[in-house]
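Visitor: Before I ask anything, here is the structure I am working with.
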């Protein structure tokens, strides 16, 4: 790096400013990722910065250019900034992948490793149509708004809908065999829907489903997540079993409606946790009632289903399974899913938003800690 003009700002100052610029996909400083390749002072207050992108077709190069410009132009004596782009070599990309994987060259599932601090929550339901994906999308955004680092894996391979509900329009970026997930509303998102043509169904059987889930867990760069939400398909099929095998520490969230039929099926889905030795974090009752203009509640699907499921699972499993919340039926919830702006991300205040925020608060209350974990230390 060469400085060719004396200004109030030094190369070290520029480097420090650039350390505040995060790669929009990896969410780490571009200086830490060795993306800053040259800084030059061109005279008349012009500073040029050379940035190495992971791929030539990086979809967020304009975002990087804007962020670099904003960081550098704020320095004393800098009147203008020119951002030039180059592309990492294959060897540099290999070094980057190893860096991101914590020095491990081959992909592994980080959430299955000893000492993992990420809370994995698998959102399940006994049957379809209870609003499981809607709840997942809203919980993810609500947790991110609390300041947590959150990811969502759309494991509903046949009925994927998370990209639409979170408004994801950008495709993932591939760095050789590593996948960088797009970010929406502060949440990292990956889905099979990002890899299939519009309108194309996924026609896979058990082994292919397991392999797809394994790749999403291992090949995707999730970073240091506080919470990973998995949107499971309804029922107790292949994906639910694979989740138990690949992420044995995952907890289950059971989504149901007040309806008796839905509650009965949800209870069976929850009992599967006993066979897979997973813990159930709680039950969420969705579409609990429709609030009328006079303030009364119209219980379209009946009442008591969520409490029934929570009570049944508590009795069967031998520990308390709480009813985390009851989410009213509101048109704004549906509209948010259709527009890609979940209700909790909007400025609308409603009972449904309060209920979803309340569930997220209850789930986010468990802080990450080192209690009970091996630190790898030995006495002198």
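Just so you know, all these numbers are worked out from the coordinates, no wet-lab data involved. Quick caveat: nothing in here was measured; it's all calculated off a predicted structure. Glycine also receives a Cβ, built like all others from the backbone with ideal geometry; neighbour counts cover every protein chain displayed.
Visitor: Kindly state, to the nearest 0.05, the FRET efficiency for residue 99 paired with residue 264, given R0 = 56 Å and r defined as their beta-carbon distance.
Guide: Values: r = 50 Å, r/R0 = 0.89.
The computed FRET efficiency comes out at 0.65.
Visitor: Which residue, 146, 214, 353, tops the fluctuation ranking in a GNM of the chain built on C-alpha contacts under 10 Å?
Guide: Of 146, 214, 353, the Gaussian network model singles out 146 as fluctuating most.
Visitor: Sticking with this one: The chain: Rg/Rh from Cα coordinates, Kirkwood Rh?
Guide: Rg/Rh: 1.04.
Visitor: Which distance in nm do the two modelled labels at residue 31 and residue 19 give, with both placed 7 Å along the Cα-to-Cβ direction?
Guide: Here the answer is 0.4 nm between the modelled labels.
Visitor: Taking only C-alpha pairs under 8 Å that are 6+ residues apart, what is the relative contact order of the chain in percent? Walk me through the numbers on the way to the answer.
Guide: Numbers: 713 pairs, mean separation 61.1, N = 380.
Taking the mean separation of contacting Cα pairs over the length of the chain, I get 16 percent.
Visitor: Can you pull the one-decimal nm distance between simple spin-label points at residue 73 and residue 349, each 7 Å off the Cα toward Cβ?
Guide: Once both label points are built, they end up 3.7 nm from each other.
Visitor: Does anyone have the angle between helix 132-145 and the longest principal axis of the chain? Alpha-carbon axes, 0 to 90°, nearest 10?
Guide: Value to nearest ten degrees: 40.
Visitor: For residue 299 and residue 44, what is the calculated FRET efficiency with R₀ set at 56 Å and r taken between the beta-carbons, to the nearest 0.05?
Guide: On the way: r = 71 Å, r/R0 = 1.27.
The formula returns an efficiency of 0.20 here.
Visitor: Then there is this: Which residue, 96, 60, 46, has the most motion in a Gaussian network model of the chain that connects Cα atoms within less than 10 Å?
Guide: The residue with the greatest mean-square fluctuation here is 46.
Visitor: Cα axis of helix 90-100 to longest principal axis of the chain: angle in degrees, 0 to 90, nearest 10?
Guide: In the chain, helix 90-100 runs at an angle near 50 degrees to the longest axis.
Visitor: Roughly how far apart, in whole Å, are the Cα centres of segment 1-75 and segment 258-298?
Guide: Using only Cα atoms, the two centres lie 50 Å from each other.
Visitor: If I stretch the segment between residue 92 and residue 317 completely, what's the gain in nm (0.36 nm per residue apart, minus their alpha carbon distance), one decimal? Don't skip to the end; give the middle numbers.
Guide: Values: separation 225, 0.36 × 225 = 81.00 nm, distance 5.03 nm.
Result for the pair: 76.0 nm of gain on full extension.
Visitor: If contacts are Cα pairs under 8 angstrom and at least 6 residues apart, what is the relative contact order of segment 33-133 in percent?
Guide: The value is 22 percent.
Visitor: Rounded to the nearest 500, what is the chain's calculated 222 nm mean residue ellipticity when only DSSP H runs of at least 4 contribute -39500 (n - 2.57) each, over all residues? Don't jump to the answer; show the numbers that get you there.
Guide: On the way: 11 runs with 125 residues, N = 380.
That comes out to -10000 deg cm²/dmol.
Visitor: Based on the Cβ-Cβ distance of residue 66 and residue 112, what FRET efficiency does E = 1/(1 + (r/R0)^6) give at R0 = 41 Å, to the nearest 0.05?
Guide: Values: r = 38 Å, r/R0 = 0.92.
Step by step, r from the Cβ atoms, then E = 0.65.
Visitor: Ok, one more. Extending each Cα 7 Å along its Cβ direction at residue 219 and residue 292, get the distance between those two points in nm, one decimal.
Guide: Going from the residue 219 label point to the residue 292 one covers 5.4 nm.
Visitor: Can I ask one more? Please report the antiparallel percentage of the DSSP beta bridges confined to segment 11-100, to the nearest 5. Walk me through the intermediate numbers first.
Guide: Details: 7 of 15 bridges.
Beta bridges within segment 11-100, antiparallel portion: roughly 45 percent.
Visitor: Okay, moving on. Nearest-5 percent of antiparallel DSSP beta bridges in the chain? Show your work: numbers first, answer last.
Guide: Working: 14 of 52 bridges.
If I count the DSSP bridges inside the chain, around 25 percent turn out antiparallel.
Visitor: Which percentage, to the nearest 5, of the DSSP beta bridges contained in segment 198-331 is antiparallel?
Guide: Details: 2 of 12 bridges.
For segment 198-331, the DSSP antiparallel bridge percentage is about 15.
Visitor: Something else: Taking neighbour counts of Cβ atoms within 10 Å as a proxy for exposure, in what order, fewest first, do 132, 145, 66 appear?
Guide: Numbers: 132 27, 145 17, 66 13.
Fewest to most other Cβ atoms nearby, the residues stand as 66, 145, 132.
Visitor: Right, something else. Can you tell which of 359, 87, 348 shows the greatest fluctuation in a Gaussian network model of the chain with Cα springs below 10 Å?
Guide: 348
Visitor: On C-alpha positions alone, give me the angle between the axis of helix 305-317 and the longest principal axis of the chain, in degrees, nearest 10.
Guide: 90
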